[in-house]
Amino acid sequence: MKIIGTGSALPEKVVTNDMLASFLETSDSWITTRTGIQTRRLLSKETLSELAMTAATAALESAGVAPENIDYLICSNVANSYVTPSLSSIILGPLGCKCPCTDLNGACTGFIYALDIADAFIKTGRAKNILIVAAEEPSRFCNWHERETSVLFADGAGAVVVTKGEGFKDFILTGDTHTDVLYYKRSLETTPFDRVEEKTVPLVMQGREVFKLAVRSCIRDVDTILERNNMTGSDIDMYLLHQANFRINDSIREHLEQPKEKFPTNMQKYGNTSSASIPILMDELSRAGELKDGMNVLLSAFGGGFVTGASILRWNGITYKDATENE
């Protein structure tokens, strides 16, 4: 499998650290030194489905694939306005796709999980062109009166089109039950037989525990996937890590003893956009010409659950093509 198109979309609303400090007990210095985040984008006028469609359309255009030639649509999404229908069902028709669609909730690792599923469909011949859209609005379930999560999370969407080709070398996915360190619990309508009323709990994060789990798990994944592909850290030209916290990513970089130039970031501008963070970063780098044909690229992410994922691919240069070329 290889990536042949990328796209991304971000809300217009820019929220600075100073804006948060106007109603939270925090400061620009406190947030920046602990997270690396300086600004973030939050949904205001737009909807998540609009962001998802914008990112998807850009990916289709750069891939040169017409919507009707997509064989499967996979959306990575933690939560949105609807429990049902799925986000993929909502955007399928407006995009012009005529194919099966599904959502998955792999938390911040969802994009890598979706890539792995797409790879399996392509390898078995069940699909030729697959559209993956990671669209997230974690700002909607943060408690904006507490700084623990509200300074971190933001909204955005990223998308890729994948097809058969020499690109992805390997995937590694892991899962373990650590639900207490990061969770968001929605309220449920009770029945006459319920004993306890369920209440909504805004996003809860045990920061220190998440930090330790993230660093330990991602280092394990990266070491494992490099070893089983007979590669070292130096063989990777670019590391695209989940954009959650610069200290987490720096810990991984220091473990691998690799230069900062190999670890591009955009969390300082956009905050933690959950599973959308890697495809947004990928799209920016691709369009800026920083991801070059033949580069070895490693993806790594972690998320609530606790789930993690990593992948190695050889980048195929993306150019704009006519939308009928891949029919």
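From the list 209, 227, exactly one residue is without any contact (Cβ under 8 Å) to a residue 60 or more places away in the chain and farther than 21 Å from residue 31 by Cβ. Which is it?
Values: 209 fails: farther than 21 Å from residue 31 by Cβ.
Sole residue among the options that is without any contact (Cβ under 8 Å) to a residue 60 or more places away in the chain and farther than 21 Å from residue 31 by Cβ: 227.
Name the one entry in 116, 71 that is over 19 Å from the mean Cα position of the chain (by Cα) and not hydrophobic (A, V, I, L, M, F, W, C).
Being over 19 Å from the mean Cα position of the chain (by Cα) and not hydrophobic (A, V, I, L, M, F, W, C) holds for just one of 116, 71, which is 71.
In the stretch 74-98, which residues are buried (at least 20 other Cβ atoms within 10 Å of the Cβ), touching a residue at least 24 places away in the same chain (Cβ under 8 Å) and in a helix (DSSP H, G or I)?
87, 88, 90, 91, 95
Does residue 122 fit the bill of being within 20 Å of the chain's Cα centre (by Cα), at negative phi and modelled with pLDDT of 90 or more?
On the way: within 20 Å of the chain's Cα centre (by Cα): no; at negative phi: yes; modelled with pLDDT of 90 or more: yes.
Judged against the criteria, residue 122 is not a match.
Determine the pairs where a residue that is closer than 19 Å to residue 235 by Cα, located within the stretch 245-269, has a partner that is surrounded by 14 or more Cβ atoms within 10 Å (Cβ to Cβ) and among the charged types (D, E, K, R) with Cβ atoms under 7 Å apart, the partner being 6 or more residues away or on another chain.
260/253; 262/237; 263/253
If we only count strands (runs of 3 or more DSSP E) wholly inside the stretch 99-201, which ones have 2 or more residues that are buried (at least 24 other Cβ atoms within 10 Å of the Cβ) and either in contact (Cβ under 8 Å) with a residue 60 or more places away in the chain or of a type in the set (Phe, Trp, Tyr) (or both)?
Because the criterion is at least 2 residues that are buried (at least 24 other Cβ atoms within 10 Å of the Cβ) and either in contact (Cβ under 8 Å) with a residue 60 or more places away in the chain or of a type in the set (Phe, Trp, Tyr) (or both), the strands (runs of 3 or more DSSP E) in the stretch 99-201 that meet it are 130-136, 156-163.
Just wondering, is there one or more residues in the stretch 167-178 that are touching a Gly at 6+ places or on another chain (Cβ under 9 Å), hydrophobic (A, V, I, L, M, F, W, C) and under 30 Å from residue 39 (Cβ atoms)? Step through it out loud before you land on a result.
At the first step, the residues of the stretch 167-178 found to be touching a Gly at 6+ places or on another chain (Cβ under 9 Å) are 171-178.
So of that shortlist, the ones also hydrophobic (A, V, I, L, M, F, W, C) come out as 171-173.
From the residues that got through so far, the ones that are under 30 Å from residue 39 (Cβ atoms) too are none.
No, every residue in the stretch 167-178 fails to be touching a Gly at 6+ places or on another chain (Cβ under 9 Å), hydrophobic (A, V, I, L, M, F, W, C) and under 30 Å from residue 39 (Cβ atoms).
With 64, 36 as the choices, which residue is out of contact with any Leu (no Cβ under 9 Å at 6 or more places or on another chain) and over 25 Å from residue 20 (Cβ atoms)?
64
Looking at the stretch 48-73 only, could you name the residues that are more than 13 Å from residue 93 (Cβ to Cβ), among the β-branched types (Val, Ile, Thr) and surrounded by 24 or more Cβ atoms within 10 Å (Cβ to Cβ)?
Within the stretch 48-73, just 65 meets the criteria.
For residue 231, indicate whether it is in a loop (DSSP other than H, G, I, E, B) and either surrounded by 16 or more Cβ atoms within 10 Å (Cβ to Cβ) or aliphatic (A, V, I, L, M) (or both).
In short, yes.
Would you mind listing the helices (runs of 4 or more DSSP H) fully within the stretch 11-69 where at least 2 residues are at pLDDT below 95? Break it down into steps so the answer makes sense when it comes.
On the way: elements: 17-21, 28-35, 48-63.
Of the helices (runs of 4 or more DSSP H) lying wholly inside the stretch 11-69, those with at least 2 residues that are at pLDDT below 95 span 28-35.
Checking residue 285 against (1) of a type outside the set (S, T, N, Q); (2) within 27 Å of residue 69 (Cα to Cα); (3) in contact with a helix residue (DSSP H, G or I) (Cβ under 9 Å, 6 or more places away or on another chain): exactly one of these is not met. Which one?
(3)
I want to confirm something. Restricting to the stretch 247-273 and keeping residues that are touching a Phe, Trp or Tyr at 6+ places or on another chain (Cβ under 7 Å) and within 23 Å of residue 175 (Cα to Cα), which single residue is surrounded by the fewest Cβ atoms within 10 Å (Cβ to Cβ)?
253
The values are calculated or read from the model by the stated rules, or taken from the named source; none is laboratory data. Values in this document were obtained by computation on a predicted structure and should not be read as measured data. In this analysis, Cβ positions are derived from the backbone assuming ideal geometry, glycine residues included, and neighbour counts consider all displayed protein chains.
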